[in-house]
Amino acid sequence: YQKSLSLSVGTKTGYKLFSVTSVDKLDCIYESETPDVYIVERLFSSSLVVVVSLSIPRRMNVYHFKKGTEICNYSYSNNILSVRLNRQRLVVCLEESVYIHNIKDMKLLKTLLNTPSNPSGLCALSINHSNSYLAYPGSSTIGEIIVYDANNLSTVTMIPAHDSPLAALTFNSSGTKLASASERGTVIRVFSIPEGQRLFEFRRGMKRYVNISSLSFSPDAQFLCASSNTETVHIFKLEQHGPSGEEECPTWGSYVGKMFSAASSYLPAQVSGVMSQERAFATVRLLVAGQRNVCTLATIQKLPRLLVASSDGQLFIYNVDPQDGGECVLAQKHRLFGEDEDKEEGVESEGSEVTVPIQACPSYAATVAIPTTGPVTTTLTGYSEDGGAKKGEVIPEHEFAAGPVCLDDENEFPPVSNQQLSYGTTTLQ
């Protein structure tokens, strides 16, 4: 699934891209001085990176960071809250609308208007471009999930996942499972995709509500990790079943679970619901609580690891015992900035953001080129939500890059297209 990890860090004075190839090695592969970056997303191991800064929060800039060129930039009617991308689609989420672009030419394919208020920009896009599913809140008051097929541009299903509004969403690598948590943060549920059937239900805790900041499946979807504003990161195990529905390796716990499942049909819904929930398989006790953080599970040097990046500019790597679970052991801690740079960046402030997408990462060429924009400007009219002609929808500006830009590097992974692409600047209303 992944040979290594890529870490993207945005701060007040710029953003950095790191490569994690071993527990002890953290390489900075690119650094930009673009100020006040609060969104930075990279397309797997390609040179394409999407950046949004606080200085122009309605504009998304797409760069080829190795060549130091701007591929295009799009402006939207309101602030950009999140960006998600895979090899087929680029999704931009605003508070009450979602824009879906074709990543091959950045053409706008669909605009989902008047979506329920989503002030955090919560959404998830499957990294598997064959199952290019998009998930976003279907309600601002309860935990409904809309699953949308971003390839065929159609709604797949609505999942009534939680009683409270949603707080976190994530797909597994194949796009066949979706995990969710609500603002209460006590229960995490896993659903089958595209059917929307509930597969697993995990209880993070019963005594207090927490803000779950991230969910992430392991590459093989055997485990699911969850981090929050508390000092504990939880790892849950998704028990595998054989073709007949029986577990491949029955355990004492599995027999107890079956007994509870059988008994639950005779009990009130509230009681049976609690009985069906599983406790954490493994946990991590962070050194500091209250820091915004994100977590992910990955295989590094052929062993399972849990990575936690925190908003104070640190990356923690823990060893995970896939057989017995329990308390995970800290294997390494990396600082994302030097001590002097920390003071200059102010990475310990609440405004700093750290994002950790799981991405493939072969060798890289060092570069610090400054992005540029091409000179040609044109006005387009009759641009509809689905990319066809429709009177009344106008894109005032479209500025093309000075020269063709190759979207992907063929030596990094099979490119999306062999055709060289030239994009530009577009304003969407």
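The values are calculated or read from the model by the stated rules, or taken from the named source; none is laboratory data. Only a predicted model underlies this, so the values are computations on that prediction, with no experimental measurement involved. Note that each Cβ is placed from the backbone with ideal geometry, even for glycine, and that neighbours are counted across all protein chains shown. The accessibility values were calculated without ligands, DNA or RNA, using every heavy atom of the protein model including side chains. Shrake-Rupley method; radii C 1.70, N 1.55, O 1.52, S 1.80 Å.
Count of the stretch 124-137 residues, restricted to those that are outside any strand (DSSP E or B) and either in contact with a Lys or Arg (Cβ under 7 Å, 6 or more places away or on another chain) or open to solvent by 20 Å² or more (accessible area, probe 1.4 Å) (or both), is 6.
The residue pairs whose first member lies in the stretch 155-183 and is among the acidic types (Asp, Glu), whose second member is part of a loop (DSSP other than H, G, I, E, B), and whose beta carbons are closer than 7 Å, counting only pairs six or more residues apart or on different chains, are ASP163/ILE142; GLU183/SER164; GLU183/PRO165.
Taking the conditions (1) at pLDDT 95 or above; (2) within 18 Å of CYS295 (Cβ to Cβ) in turn, GLY196 satisfies each one other than (2).
Need at least 2 residues that are under 18 Å from the mean Cα position of the chain (by Cα) and either farther than 27 Å from ASP105 by Cα or touching a residue at least 60 places away in the same chain (Cβ under 8 Å) (or both) per element, so show me which strands (runs of 3 or more DSSP E) inside the stretch 5-62 make the cut, counting only ones lying wholly within it. Give the steps one after another, and end with the answer.
Details: elements: 5-11, 14-22, 25-32, 37-42, 48-53.
Passing ranges, in order: 5-11, 14-22, 37-42.
Out of ILE71, ILE39, one residue alone is more than 28 Å from SER311 (Cα to Cα) and buried (at least 20 other Cβ atoms within 10 Å of the Cβ). It is ILE71. Just wondering, is there one or more residues in the stretch 196-204 that are closer than 18 Å to GLN222 by Cβ and crowded, with 20+ Cβ neighbours inside 10 Å? Yes, that holds for at least one residue.
For every residue, the table says whether it meets (1) open to solvent by 30 Å² or more (accessible area, probe 1.4 Å); (2) part of a strand (DSSP E or B).
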site	(1), (2)
ILE145	no, yes
ASN151	yes, no
ALA161	no, yes
SER164	no, no
THR170	no, yes
ALA181	no, yes
GLY185	no, no
PHE191	no, yes
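If you scan the stretch 208-233, which residues turn out to be crowded, with 22+ Cβ neighbours inside 10 Å and closer than 15 Å to VAL320 by Cβ? Of everything in the stretch 208-233, those that are crowded, with 22+ Cβ neighbours inside 10 Å and closer than 15 Å to VAL320 by Cβ turn out to be SER216, PHE217, SER218, LEU224, CYS225, ALA226, SER227, VAL233. When the residues of the stretch 97-116 are filtered to those that are within 19 Å of the chain's Cα centre (by Cα) and not β-branched (Val, Ile, Thr), the one that is farthest from ASN79 (Cα to Cα) is ASN102.
Does the stretch 283-304 hold any residues that are in a strand (DSSP E or B) and either open to solvent by 20 Å² or more (accessible area, probe 1.4 Å) or of a type in the set (Gly, Ala, Ser) (or both), and which are they? Matches in the stretch 283-304: THR283, ARG285, VAL294, ALA298, THR299, LEU303, PRO304. Checking ILE235, ILE300 one by one, the residue that is of a type outside the set (Asp, Glu) and at pLDDT 95 or above is ILE235 and no other.
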